[in-house]
């Protein structure tokens, strides 16, 4: 709508002898209850016109209608000038902008961004919280790439620490040599099983010590299992061959399990970082910070930073015994990532329980003057709850990602069969459709909500073919493919002279897609794409029900509506792909 902005600048200059810029003009989509497609807010111009918002709107509207052919009509409601854009303009948009393959394909902007997501621990399988993390990170990366960025998708794997040693020790004690092959369990599930066993046995020891007269804190500290796990961690850090060998074996089990889950989720990565390689990296940065006076050393030898002036607190960056803390490691990893890729932006997709940690990390890196520090961003997201309540991992009651995906496919199967949407499908086609619908339902439900918000995930609600859901949009795409399969586009250049309201509304919605992509990229929010494509599907369905396509009043109208359907299917497909969602060809 740049031509509207330019014409409005000319109108204000001509009518009120005042120079304004594009930044002074507020363009909006016209509200559905009013005539028009584009609205100009006239309140800011009254200081130049010295007239009421209504009078100002009428004067600018008259000027625009007289000066530019695209404005067919206008109306003024209080301080809002609603413009009706001529049908010729919208028809030209369909044929020359939307239908070509270049539509909504942004030119490279010369900027590089890293999106880090997933970041699992290798002591347990991925769960529902990880699902939101992975889907959010992958979709943000896809959206940024569509907006013109060069994107690197990275995964920092937490493959070391006391939690890993707990699983290792429990397997040594209680595993009897069990493997994924011998147990029939995925590797990540097998290792997670022993993490739970450790916790149960540890609690038994605590209760035994308490019964012997120790306090809760004493019992937790003195329980033999936790001391053995800590000793194993020290052996790992010392390079003990037997411990390292077991660690590699069990981690490889987990990686094989994760790979299968990632494949089912449909997420990918360009680069893996491992905490076992990065946990010592920050120590040089600590020395650098001491030299620069950014850090200070306490009497016990521990190193700190005072961030009280920034509204934070004093933060430990190195223990008195010289061992690193999470902050040490994260400083080093941030430096390593920048050295590897020299990206303009680095996005961390991590739950909102880590908000404070990232405020501190980013503040430290800026105070150290690190390259890339100004481009750091924490994409903080809320927890996912189920109707049954909050998840707890250590007690074995976590909502497992693999179980969740299996349940989604089962629910999709039941609802799809009940609605008779698999008639004529082979068994293989049915299985693929159940997976496509189940995963589409899961992904759409988790991504349609603003990332910052906590959400309640209801599996049954997510597979509703009539609701604000992924399957509704998928079914709309299948409907379009069915229409295009029953009639061929024989004259791709043919066009009508005037538009029905439903046709115009659909074209207007389609033209917004490139702007929607940029808006979603700027806000790191797949919800912008998700809600747009839902509205587009609704508008297409209204057009489909109100205007006959195959039995159109003329061949010209039929060919035009087929083209409009093809454009709608293309945009729905592309928008859903940015959410990581596949759309079926038929249902």
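Each row is one residue, and each column tells you yes or no for (1) assigned to a strand (DSSP E or B); (2) in contact (Cβ under 8 Å) with a residue 40 or more places away in the chain.
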site: 4; (1), (2): no, yes
site: 19; (1), (2): no, no
site: 72; (1), (2): yes, no
site: 104; (1), (2): no, yes
site: 108; (1), (2): no, yes
site: 115; (1), (2): yes, yes
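Mind listing just one residue for me: the one in segment 305-335 that is more than 24 Å from residue 234 (Cα to Cα) and surrounded by 16 or more Cβ atoms within 10 Å (Cβ to Cβ) and, of those, nearest to the chain's Cα centre (by Cα)?
The residue in question is 334.
Checking the condition within 26 Å of residue 577 (Cα to Cα), surrounded by 21 or more Cβ atoms within 10 Å (Cβ to Cβ) and not assigned by TED's automatic domain parsing to the domain that holds residue 491, which residue from 105, 113 passes?
Selected residue: 113, the only one of 105, 113 that is within 26 Å of residue 577 (Cα to Cα), surrounded by 21 or more Cβ atoms within 10 Å (Cβ to Cβ) and not assigned by TED's automatic domain parsing to the domain that holds residue 491.
With 297, 283, 264 as the choices, which residue is at pLDDT below 95, touching a helix residue (DSSP H, G or I) at 6+ places or on another chain (Cβ under 9 Å) and farther than 17 Å from residue 122 by Cβ?
Unique residue meeting the criteria: 283.
Just the residues that are in contact with a helix residue (DSSP H, G or I) (Cβ under 8 Å, 6 or more places away or on another chain), buried (at least 18 other Cβ atoms within 10 Å of the Cβ) and assigned to a helix (DSSP H, G or I), please, taken from segment 173-198.
180, 187, 188, 189, 190, 191, 192, 194, 195, 197, 198 - these are the residues of segment 173-198 that are in contact with a helix residue (DSSP H, G or I) (Cβ under 8 Å, 6 or more places away or on another chain), buried (at least 18 other Cβ atoms within 10 Å of the Cβ) and assigned to a helix (DSSP H, G or I).
Which residue is nearest to residue 575 (Cα to Cα), if the candidates are limited to segment 127-159 and must be in contact with a strand residue (DSSP E or B) (Cβ under 8 Å, 6 or more places away or on another chain) and part of a loop (DSSP other than H, G, I, E, B)?
Once the filter is applied, the top-ranked residue is 149.
Is segment 554-562 home to any residue that is under 15 Å from residue 479 (Cα atoms), surrounded by 18 or more Cβ atoms within 10 Å (Cβ to Cβ) and touching a helix residue (DSSP H, G or I) at 6+ places or on another chain (Cβ under 9 Å)?
Applying the first criterion (under 15 Å from residue 479 (Cα atoms)) to segment 554-562 yields 561-562.
Then drop every residue that is not surrounded by 18 or more Cβ atoms within 10 Å (Cβ to Cβ), which leaves 561-562.
Filter again for touching a helix residue (DSSP H, G or I) at 6+ places or on another chain (Cβ under 9 Å), leaving 561-562.
Yes, the conditions are met somewhere in segment 554-562.
What is the residue count in segment 336-368 for residues that are without any contact (Cβ under 8 Å) to a residue 60 or more places away in the chain and either surrounded by 17 or more Cβ atoms within 10 Å (Cβ to Cβ) or on the phi > 0 side of the Ramachandran plot (or both)?
7
Could you please let me know if residue 382 is surrounded by 19 or more Cβ atoms within 10 Å (Cβ to Cβ) and in contact with a helix residue (DSSP H, G or I) (Cβ under 8 Å, 6 or more places away or on another chain)?
Values: surrounded by 19 or more Cβ atoms within 10 Å (Cβ to Cβ): no; in contact with a helix residue (DSSP H, G or I) (Cβ under 8 Å, 6 or more places away or on another chain): yes.
No, not satisfied.
Residues that are at pLDDT 95 or above and over 20 Å from residue 560 (Cβ atoms): find the helices (runs of 4 or more DSSP H) completely inside segment 420-525 holding 3 or more of those.
Qualifying helices (runs of 4 or more DSSP H): 427-447, 470-486, 513-523.
Could you count how many residues in segment 431-447 are in contact with a helix residue (DSSP H, G or I) (Cβ under 9 Å, 6 or more places away or on another chain) and either loosely packed, with under 15 Cβ neighbours inside 10 Å or at positive phi (or both)?
Within segment 431-447, residues that are in contact with a helix residue (DSSP H, G or I) (Cβ under 9 Å, 6 or more places away or on another chain) and either loosely packed, with under 15 Cβ neighbours inside 10 Å or at positive phi (or both) number 1.
Inspect segment 41-50 for any residue being modelled with pLDDT of 95 or more, surrounded by 15 or more Cβ atoms within 10 Å (Cβ to Cβ), over 31 Å from the mean Cα position of the chain (by Cα) and not in a helix (DSSP H, G or I) and give the result as yes or no.
So far as segment 41-50 goes, yes, one or more of its residues are modelled with pLDDT of 95 or more, surrounded by 15 or more Cβ atoms within 10 Å (Cβ to Cβ), over 31 Å from the mean Cα position of the chain (by Cα) and not in a helix (DSSP H, G or I).
The values are calculated or read from the model by the stated rules, or taken from the named source; none is laboratory data. As the structure is a computational prediction, the values presented were derived from the model and not from experiment. Methodologically, a virtual Cβ is constructed for each residue, glycine included, from the backbone with ideal geometry; neighbour enumeration extends over all protein chains shown.
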